[in-house]
1. D27: of a type outside the set (A, V, I, L, M), outside any helix (DSSP H, G or I) and more than 16 Å from A156 (Cα to Cα), yes or no?
2. Run down L286, L246 and say which single residue is closer than 19 Å to L191 by Cα and at pLDDT 95 or above.
3. Which count do you get for residues in the stretch 252-275 that are surrounded by 13 or more Cβ atoms within 10 Å (Cβ to Cβ), hydrophobic (A, V, I, L, M, F, W, C) and assigned to a loop (DSSP other than H, G, I, E, B)?
4. Of everything in the stretch 229-251, what is polar (S, T, N, Q), part of a loop (DSSP other than H, G, I, E, B) and open to solvent by less than 90 Å² (accessible area, probe 1.4 Å)? Give them in sequence order.
5. Go through (1) surrounded by 13 or more Cβ atoms within 10 Å (Cβ to Cβ); (2) assigned to a strand (DSSP E or B); (3) under 28 Å from the mean Cα position of the chain (by Cα) for F80 and report which single condition fails.
6. Looking at A136, A58, A69 in this structure, which one is among the small types (G, A, S) and at pLDDT 95 or above?
7. Across the stretch 152-201, what is the total count of residues that are assigned to a helix (DSSP H, G or I), under 22 Å from F124 (Cβ atoms) and either open to solvent by less than 10 Å² (accessible area, probe 1.4 Å) or of a type outside the set (S, T, Y) (or both)?
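The values are calculated or read from the model by the stated rules, or taken from the named source; none is laboratory data. Given the structure is predicted, the values throughout are model-derived calculations rather than measurements. Every residue, glycine as well, gets a Cβ built from its backbone with ideal geometry; the counts of neighbours run over all protein chains shown. Side chains are part of the model used for accessible areas, which takes the heavy atoms of the whole protein and leaves out ligands, DNA and RNA. Shrake-Rupley method; radii C 1.70, N 1.55, O 1.52, S 1.80 Å.
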Amino acid sequence: MKEITILSGKGGTGKTTVTAALATTGDNLVLCDGDVDAADLHLILKPQILESYVFEGAWLASIDQELCAHCGLCTEYCRFDAISIDELGNRSIDPFKCEGCRLCERICPSKAIRSEKSTNNSWFVSDTRAGIMTHATMGPGEENSGKLVSQVRKKAREIAKDSGASVLLTDGPPGTGCAAISSITGTDAVLLVIESSMSSLHDASRLVELVRQFNIPLFAIINKFDIHTEVSMEIEAFLTEQSIPLLGKMPFDELVVHAMVAERSVPEYAPDSEISNIIRSIWKQLL
């Protein structure tokens, strides 16, 4: 079993559109939506949930007003200004400012502060028309997305191994943060999706630098290459300079929009289209 992770330096390049297209082109696959902060592969593949699990996030502190002695130590020592005082003198902790360090809990002489892990996150094993998929949802502002990516990838690998799947296809998160790093480690290849814009090229160069740290083979495609041909030429020059194989260039086509509205991948919606043929060529080269 080989794992192919699809990444982009920035959001909006068409990464998930490409992932869905490849997923519905291949067979004997297991899928993993590793973009846990903003998962949307399910919008196209319509998963039927088979298993559901709670993922514990960061620590959240709260104050028991009946036990609080109003000594003020928590407010004094909190370095994140997360503890406020109302007009009655009661203290409360802002969950959006609290970093979960638990210092206030440790120094409170009245034991009035307690911390519990957030349970506002879930991950799933689901069935889709393209194969079994692991995916997740995170609440707004939740932390530990890197750990959640590792969790859904671990489960996807177990499923792929047990089922004898030939490929694990992972839709990774954009950027170069913790979640992206968690989607890269241990994968067999990375497919980089770059759109024809300077910002995409800039962010792709940062992602290339990150992936190279792990000595993982890199491939690339240029999406909507014809919206700015001069930038596309710069992207091709960059890929040549970095010795990154360019597997295909996809033109801008309103057909993609129609496919998304119909909740289908492009090869499903228009199997004989130019883009569908390009997708099949990319998939063949990846394999």
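1. Numbers: of a type outside the set (A, V, I, L, M): yes; outside any helix (DSSP H, G or I): yes; more than 16 Å from A156 (Cα to Cα): no.
When the stated conditions are applied, D27 does not pass them.
2. Values: L286 fails: at pLDDT 95 or above.
Step by step, each of L286, L246 is checked, and only L246 is closer than 19 Å to L191 by Cα and at pLDDT 95 or above.
3. Residues meeting the conditions: 2.
4. Let us first name the residues in the stretch 229-251 that are polar (S, T, N, Q), namely 229, 232, 240, 242-243.
With part of a loop (DSSP other than H, G, I, E, B) added as a condition, the list becomes 242-243.
Result: Q242, single match.
5. Exception for F80: condition (2).
6. Working: A58 fails: at pLDDT 95 or above; A69 fails: at pLDDT 95 or above.
Answer to the selection: A136.
7. So in the stretch 152-201, the residues assigned to a helix (DSSP H, G or I) come out as 152-163, 178-184, 198-201.
Still in the running and under 22 Å from F124 (Cβ atoms): 152-163, 178-180, 182-183.
If we keep only those that are either open to solvent by less than 10 Å² (accessible area, probe 1.4 Å) or of a type outside the set (S, T, Y) (or both) as well, we get 152-162, 178-180, 183.
Total meeting the criteria: 15.
Conditions tested, residue by residue: (1) farther than 20 Å from G9 by Cα; (2) under 19 Å from the mean Cα position of the chain (by Cα).
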{"residue": "A136", "(1), (2)": "yes, yes"}
{"residue": "G141", "(1), (2)": "yes, yes"}
{"residue": "R157", "(1), (2)": "yes, yes"}
{"residue": "A160", "(1), (2)": "yes, no"}
{"residue": "S183", "(1), (2)": "no, yes"}
{"residue": "Q213", "(1), (2)": "no, no"}
{"residue": "I216", "(1), (2)": "no, yes"}
